[in-house]
Structure formats: structure tokens, C-alpha cells
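In what follows, a structure is listed as C-alpha cells, so that the remarks can point back to it.
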């Protein structure tokens, strides 16, 4: 019986240690993601290129509209970023950058 208790205590200690390591790893990951987001926001605020924001609503996934729009953005000369998108909400927010107004608004993007 003592051996079982010792094994149980040992396993509990191992689990506690693993949980603490996992918690620390998650905290480090969250800090890294937050720092990257802050740096990215700083870079974007210093970007002087023309830009346009798009908010798409509706049946974006049902008819593959979002897929087609993203394909067009990928094939264009512009840079784009999906700001937020969710399978549970029929809404998607995008940001598009280009070197000229014509690129961004005139259809080159």
C-alpha cells in the first residue's frame, strides 16, 4: 500500500510540475503574441501607403465569396491582412495596402 501511495504522490508531483511548465509556456506565448501585435501596429501606423479597409458581411462562406475575394487579393500587387474573421459570425474585416491610390481603389488590388 505504501508503494501505491508513493507512486501516486510521485505522479501528482510530476503533474504539478508539468502544469506549472505549461502555464509558464502559455504566459510566454501570450507575451510574445502581444509584443508582436504592438510592433505590427507601430509599423502599420508608420506605413504611408494608400490603404482601404473592407468590412464584409453576409453569407461569406456559403457561396465561397470570401475565398474568391482572398484569391483576388493574393493575386494582386497589393498587400492585405485579414483583421478578423469568424466562422460563427457572417463578418470579415480586411485591410488592403498599395503603393498608389489606383492600386487600392482602382481595382489593381
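Miscellaneous remarks
- Extension reserve of the residue 81-residue 54 stretch, reckoned as 0.36 nm per residue once the Cα distance is removed: 8.7 nm
- Principal axis analysis of the Cα atoms in region 1-46 yields extents of 67, 6, 5 Å, listed in decreasing size.
Throughout, read-outs are computed from the coordinates displayed, never taken from laboratory work. All of these numbers come straight from a predicted model, not from anything done at the bench.
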